[in-house]
Structure formats: C-alpha cells, structure tokens
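Structure first, then comments.
The values are calculated or read from the model by the stated rules, or taken from the named source; none is laboratory data. Since the structure is predicted, the reported quantities are computational estimates derived from the model, not experimental observations. Using ideal geometry, Cβ is built from the backbone for each residue, glycine included, and neighbour counts are taken over all protein chains shown. Surface areas here come from the heavy atoms of the whole protein model, side chains and all, with no ligands, DNA or RNA. Shrake-Rupley method; radii C 1.70, N 1.55, O 1.52, S 1.80 Å.
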Amino acid sequence: MNGQELLVKAYRHICQAKHMAATYEQHRNICKYVHSTSRGHEAVQLAISYLLDPADYVSPYYRDESLLLGLGFSPYELMLQLLAKAADPFTGGRAYYSHPGYRGDDKPTIIQQSSATGMQVIPTTGIAQGIQYLEAHLPEKLTRTSNGKMPLVVCSLGDASVTEGEVSEAFQFAVLKKLPILYLVQDNRWGISVSADESRVMDAYEYAAGFPGMSRARVDGSDFEACYNLFQEVTESIRRDRSPWLIQANVPLLGHHTSGVRKEFYRTEKDLEMHALRDPGPLLRERLLAAGVSMDELADIDKSAEQEVRLAFQQAVEAADPDPVNVQSHVFVPTAVTIETGQRETTKAEKINMVDAALFAIREIMEEFPEAVLYGQDVGRRLGGVFREAATLAEQFGDHRVFNTAIQEAYIIGSTSGMSAVGLKPIVEVQFADYIYPGLNQLVSEISKSSYLSCGKFPVQTLIRVPVGAYGGGGPYHSGSIESTLLSIKGIKVVYPSNAADMKGLMKAAFLDPNPVVMLEHKGLYWSKVPGTEAAKQPEPGADYRIPLGKARIALPAFKQTVMQGDSCCIITYGMGVYWAKAAAMHFPGQVEVIDLRCLFPLDEELVYNTVKQHGKCLVLTEEQQNNSFAEALAGRISKTCFQWLDAPVDVMGALNLPAVPMNAALEAAMLPSAEKLRGRIGQLLAY
C-alpha cells in the first residue's frame, strides 16, 4: 500500500466514524445504552491500528472505536455491541460499546477489560510480562508476526487516567523488566468535566520522565501522517529492542464524554470551537486534495461511508436481543478436576506441616508445568516468603520462575489476567490478608468479570495465595479474616484448607482450575503450633492427589445411634474452626458432627443440607467478625432450605464485631471464638 492509498484508507475510516457518531446522536432513543465515540481521536487510533499484526496484543479503551475499525471490525459488528445485541462479537450484549474482547487468527488479541479508568494498564502490562517470559523461556509457545518479528503490546489510555496509582505500578514494572509495550495516551485535556489544569501538574509525557527506561514522545494526534510515521519508528523499536514506550498524542474532543454526559453540560462554546479547529477529518481531506485526490472522489468516499453506516445501523437494530435464558452462562469455564483422584493415604509415616504441603504442591506443579510461575513480595530466593512457604523454589527453578515484586498488590493480582491470556499459569502471593485491599480493584473490576463479559473467551487462570487468621498476637494488620469480602465478589472461587493433605490436594486442583481461585491459608495452622491443631499435620498425599473444589468433608462424625435418637447437632465450619469444633465436641461424645467446608465457593450445599436435615440442630462457626458475615448468610440459607427439619434455630458463632484484631494476647482471645466458648453454645443447642 503506497502512501496515498494509506491516506485514502484512513479517510474512509474517519468518514465511517463521523457518520457512526452522527447516527447514534440522531437515534438517541434507540441508542439508549451509554456509549462514547472516537470523534477527534480518529487519526491517532487509525495510525496505530494499521501497524499491528495478529501476533500482537492491544487494549483499546471505551473511546477507541476508530482503532477497532482500523483493525478490521465492521461498523455493523461494533453497532451490535452498541445496541447490546446477541450477536455482539465481543460480549454477547453484556458490556458497553467499544469494550472488546477478541481472540482470532486475523487480528490482534484483545483481552476483556473494564471501564474503571486506568485499570486496564496493569492487565495489559501483564500481557507484556507474559510475552517476555515466553520469548526467553518457552519460545515454542510464542507467536511471531507474519514477517517473523517479535510481537508487541499496545495499551490505550486517556490522559486523566494517568493520575491513577495503578498506572504507576504498571509503569514501574514495565521499566524494571524492560517489557515490550507501548502506552498510547490520548490527551484531550478533559476528564469528564474536569480540565487538565485543575487535575494535574504534568502531562503524561512529563510524568514518563520519572520512569527511567521509558522512551517517550509527543505527537499531534490530529495529524494522521505524523502519527503513522512516529508509530512506524516506535513499533519497530519495540519489536527490536524490547523496551517500553509512552506516546502522548494531543487530540481534540469533538463529541460528548458519553451519551449521558453531554458536552454542553460543562464546556463553553469557545472551548468547543477551539477543539473543532483540529478535527482530523478536514485536516486529512486537505492533505489528500493537496496530493491530487479530487473533491469528487473524496465526496464519493464520504457518501459511501454514510450509506454503509446507515445500512449497518438498520441491520443492527433489527438483530436479535440476547436470550435471557443464557444470562448465567460463562461465569466460569469448566474445570477438569471434578472428582477426587489420586492417593491421599500413602505409605509415608512422617506427617508434614501445612506450610510444607503447600511448598511440596507448588514444587510438583512447577516440575510438571513449565508455564507455571510464582511471584509476590519476598517469595524469591533470599527469603522464600515471609512464612518460608516458597523456600528453595527459586534455587530449584530459577529467578525467572520464582521472583520478588515490589509492594504492589494491585500489580501482583491484576497482572495475572494478562499472564493468563498469553498461556502462562501464574501463582501469586499476597503477604497477609490485611494487605489485599489495594489489589481488590483488579480482582473485582478485571479478573472476576473477565470470563463472563468475554463469553468465556478470557477466563483468568490464576491461583492467589493469601495467609489469613489470628494467632499469637499478630495484631490488627496481620490477623485479618477476609472471606466475606471475597465471597461478595462473583466470578472467583475461594478455597480454605484446614490440614496438610487437603492443602496439597486443593492446591493442585486450584492450580488446574482455568478460573481465578483465591486460597486462604490460616497462619495458625501452618506449623500446628497452636494447641489443639496437631491434627493439621498429616502424611503427604501422592503427587497425583486432587480434591475437586466445592467438596466438603466430615471432619468428625457423630454416632449413628445418637443421631437416630435426636440427641445430636452439627457444626458447619472451616479453617481454625474445625479444631475449635473438634475440641469442644470431646465434651459431648458422639453427639457432634463437624463438617469442614474446605471450599467456601463453590460450596458443598448438598453435604451441608443433608447433614443439617439428619441432626435438626446446627451451628455455623467462623473466625470472622460475625455480623453480616458469610457464616450468617449461610445460616440463613440453611434455615430456609432445611426449615421443616429443624428442631432449633440455626445458631452462628463468630468473633466479636470489632474493626480489628487487637494485638494483646488476652484481648485477642477475648475477641475470637474458642473451644471453651463453643462448648457452652453446643450445650445450649443440644438442650432444645
């Protein structure tokens, strides 16, 4: 394609984008779902799109419809998403306009991403991290471009999003590891109604100077040729030198922020007139006229684009809506581990700690799966985790597979989305449950929704390990329980083993699950140092042992005769609660059955309900603060499902409703449940 043909191609796409925006505005009653258009940003978006290869990855953002047109998506395909139709090729009618998720051999891969401003930068940087790993260590799994060059990653973002802290985390990692990524910042100087002058002291170009190793440039985003020529140089540099770039493109904003937040709400006529002077369409038209393209030819291009857009819109309006029967599909993709397999009981006489069971499980995983990597704060060679649960792994597998990160909980969690998209299988660690909150934005906004909103194209295979629980005066920031917080997030699985055998079997299954799994690991059970938890030590199961997620177990059975006489109760619990329950049950021989949930979502409702129906009396036990907890919610479900079999109200016992676990050991004990406190509650329950 010669230079003039390229300019004509760009002009055709700009005309399409112009008429699409006009059509949406004309039919606001039909285009009822919130949307943004690319008006003013067309030139820079098209310039980068023309230089990408199917081997590349790109993360467009909600104003990037022209980028999608340039990649080869038709106006009709984009309109199907605009109108939330069943045939929307990206999300099946589940997400906003210009929120693509695409896998195919003909275009770059586009991972699913949210509308949370700036949040796409971490997952997209994770893609570059994954590509770098494949390039260096699994080159047979790396797809090169059609002319044999290395793939790259493009992350599009607006200027207002650069002030987000998570953008800084991504930039830090990109320059530290020299990742092959281009951050394209489209700067229209507006963040909804907030102007650049009132929201920042520097622009993205100036900000990038604070990240040594980040090459950077500015460009007039209204000038297609200037953008294209710069991007040619930059993309070739990234393919060759494998290091990050940031391009700040200054662009006008010609349309509304969104269909719901209209430009006349907050912008002056003078501001709109100034932006209109830099409209890429007329500027490119003048360039084509100067190059000898006739006015009639340009008029024909514009008319043809208008007709195509009109027809596409009519067809999209008439397209079928999604079938509500499918609304629950794709929350998770199927997992291969559906039954318990392998050898739990082995000839090994020596019992191992839970912390060693985790170590041995990960070691076997990494031996079997070269695409498995482990990273987080302090998990690398020097320390092997603050609980030494990764000790020796870096020595065995190398610093490229087991490595430290900075204090970046958001990056640790969010990067797994991109790593998973390129075929890696990340295991990451958050040091303490109390520190997970900076990472919840990524877990909620990006990871948990990815499979559902991409219709199963982008499930995130990640295992997130989180030490939890109180013991021995850990204090308010090292003792938290967070299961209720996590269980309020739909689209993730939550596992909670209570002994070494379960730790190993569940960790293997969690790793093999193609969906995001958070494994909560009680620090008080790691070494069985807490009195009464010696049973957490168990013989190590075989390397082939797997426990399907969502299968509870009977940790302590009641006597059948006692159950038949109606003189028994059951305790539904998990983690440390298993040991409190078993210790308390010793005072009521044969009368108490203890269920260890092992997995909080999915939950083994069948075993829970059947057990409650047998006993008629039930107590749900948790270490969490009780009010509004998972335990209370479960008790409510038990009450509803098992109402006609109950002989007493379903009881709940948890920690006191305090904002934190106090450090003083006596205060900690006063807050938490215990076997002795539980003993009294069991007595009351059995008295019904």
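Are any of the residues in the stretch 249-262 closer than 24 Å to Gln442 by Cβ, modelled with pLDDT under 95 and under 30 Å from the mean Cα position of the chain (by Cα)? Within the stretch 249-262, one or more residues are closer than 24 Å to Gln442 by Cβ, modelled with pLDDT under 95 and under 30 Å from the mean Cα position of the chain (by Cα). If the condition is being out of contact with any strand residue (DSSP E or B) (no Cβ under 7 Å at 6 or more places or on another chain), assigned to a loop (DSSP other than H, G, I, E, B) and closer than 21 Å to Tyr61 by Cα, then the stretch 118-142 contributes only Met119. Among the residues of the stretch 242-256, the ones that are open to solvent by 20 Å² or more (accessible area, probe 1.4 Å) and either farther than 22 Å from Cys155 by Cβ or outside any strand (DSSP E or B) (or both) come to 4 in all.
For beta carbons closer than 8 Å, sequence separation of 6+ or different chains, a first residue in the stretch 670-681 that is charged (D, E, K, R) and a second that is in a loop (DSSP other than H, G, I, E, B), the qualifying pairs are Arg679/His587. Within the stretch 679-688, identify whether any single residue is over 18 Å from Tyr574 (Cα atoms), open to solvent by 60 Å² or more (accessible area, probe 1.4 Å), assigned to a helix (DSSP H, G or I) and of a type outside the set (Lys, Arg), and answer yes or no. Yes, the stretch 679-688 contains at least one residue that is over 18 Å from Tyr574 (Cα atoms), open to solvent by 60 Å² or more (accessible area, probe 1.4 Å), assigned to a helix (DSSP H, G or I) and of a type outside the set (Lys, Arg). Per the listing Arg94, Arg12, Arg39, the residue uniquely touching a helix residue (DSSP H, G or I) at 6+ places or on another chain (Cβ under 7 Å) and part of a helix (DSSP H, G or I) is Arg12. Residues that are open to solvent by 40 Å² or more (accessible area, probe 1.4 Å) and in a loop (DSSP other than H, G, I, E, B) within the stretch 603-625 are absent altogether. Restricting the search to the stretch 345-365, which residues are open to solvent by less than 50 Å² (accessible area, probe 1.4 Å) and either in contact with a Leu (Cβ under 6 Å, 6 or more places away or on another chain) or more than 20 Å from Pro467 (Cβ to Cβ) (or both)? Within the stretch 345-365, Thr346, Met354, Glu364 qualify. The residue that is least open to solvent (accessible area, probe 1.4 Å), among those in the stretch 1-60 that are at pLDDT below 95 and hydrophobic (A, V, I, L, M, F, W, C), is Val34. Among the residues making up the stretch 297-343, those that are of a type in the set (Val, Ile, Thr), surrounded by fewer than 17 Cβ atoms within 10 Å (Cβ to Cβ) and within 19 Å of Ser451 (Cβ to Cβ) are Val325, Val327, Val331, Val333, Thr338.
Per-residue answers, yes or no, for (1) among the acidic types (Asp, Glu); (2) touching a Phe, Trp or Tyr at 6+ places or on another chain (Cβ under 9 Å); (3) under 17 Å from Glu308 (Cβ atoms):
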| site | (1), (2), (3) |
| --- | --- |
| Tyr50 | no, yes, no |
| Tyr57 | no, no, no |
| Tyr61 | no, no, no |
| Glu77 | yes, yes, yes |
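Criterion first (buried (at least 23 other Cβ atoms within 10 Å of the Cβ) and under 26 Å from Gly456 (Cα atoms)) does Gly126 satisfy it? Answer is yes for this residue.
Each row is one residue, and each column tells you yes or no for (1) in contact with a strand residue (DSSP E or B) (Cβ under 9 Å, 6 or more places away or on another chain); (2) of a type outside the set (A, V, I, L, M, F, W, C).
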{"residue": "Ser484", "(1), (2)": "yes, yes"}
{"residue": "Ser488", "(1), (2)": "no, yes"}
{"residue": "Lys493", "(1), (2)": "yes, yes"}
{"residue": "Met519", "(1), (2)": "yes, no"}
{"residue": "Leu525", "(1), (2)": "no, no"}
{"residue": "Gly532", "(1), (2)": "no, yes"}
{"residue": "Gln538", "(1), (2)": "yes, yes"}
{"residue": "Pro541", "(1), (2)": "no, yes"}
{"residue": "Pro548", "(1), (2)": "yes, yes"}
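Those strands (runs of 3 or more DSSP E) of the stretch 424-529 in which 2 or more residues are open to solvent by 10 Å² or more (accessible area, probe 1.4 Å) are absent.
Among the residues of the stretch 530-543, those that are over 28 Å from Glu605 (Cβ atoms) and either among the aliphatic types (A, V, I, L, M) or assigned to a loop (DSSP other than H, G, I, E, B) (or both) comprise Val530, Pro531, Gly532, Lys537, Glu540, Gly542, Ala543. Among the residues making up the stretch 143-173, those that are more than 19 Å from the chain's Cα centre (by Cα) and within 15 Å of Ala208 (Cα to Cα) are Gly158, Asp159, Ala160, Val162, Thr163, Gln172.
Here the condition is being acidic (Asp, Glu) and either touching a residue at least 60 places away in the same chain (Cβ under 8 Å) or surrounded by 23 or more Cβ atoms within 10 Å (Cβ to Cβ) (or both); of Glu534, Glu593, it holds for Glu593 alone. Annotation: of all residues in the stretch 626-647 being in contact with a helix residue (DSSP H, G or I) (Cβ under 6 Å, 6 or more places away or on another chain) and under 19 Å from Thr573 (Cβ atoms), the one that is surrounded by the fewest Cβ atoms within 10 Å (Cβ to Cβ) is Thr641.
Consider the stretch 89-106 and keep the residues that are open to solvent by 10 Å² or more (accessible area, probe 1.4 Å) and touching a residue at least 60 places away in the same chain (Cβ under 8 Å). The one that is farthest from Gly418 (Cα to Cα) is Gly93.
Residue pairs whose Cβ atoms lie under 9 Å apart, sitting 6 or more positions apart in sequence or on different chains, and linking a residue in the stretch 633-648 that is under 29 Å from Thr485 (Cβ atoms) and among the acidic types (Asp, Glu) to a partner that is open to solvent by 60 Å² or more (accessible area, probe 1.4 Å) and modelled with pLDDT of 95 or more, do not occur here.
Kindly provide the set of residues from the stretch 661-673 that are loosely packed, with under 14 Cβ neighbours inside 10 Å and in a loop (DSSP other than H, G, I, E, B), ordered by number. Passing the criteria: only Asn664.
Between Ala320, Ala305, which is assigned to a helix (DSSP H, G or I) and small (Gly, Ala, Ser)? Going through Ala320, Ala305 in turn, the sole match is Ala305.
Comparison of Ser36, Ser74 shows that the only residue that is hydroxyl-bearing (Ser, Thr, Tyr) and under 23 Å from Asp300 (Cα atoms) is Ser74.
Given the criteria in contact with a Leu (Cβ under 9 Å, 6 or more places away or on another chain) and over 18 Å from Gly213 (Cα atoms), does Ile131 qualify? So Ile131 fits the description; yes. Would you be able to say whether some residue in the stretch 183-195 is aliphatic (A, V, I, L, M), surrounded by fewer than 20 Cβ atoms within 10 Å (Cβ to Cβ), more than 20 Å from the chain's Cα centre (by Cα) and farther than 23 Å from Val422 by Cβ? Yes, because at least one residue in the stretch 183-195 is aliphatic (A, V, I, L, M), surrounded by fewer than 20 Cβ atoms within 10 Å (Cβ to Cβ), more than 20 Å from the chain's Cα centre (by Cα) and farther than 23 Å from Val422 by Cβ.
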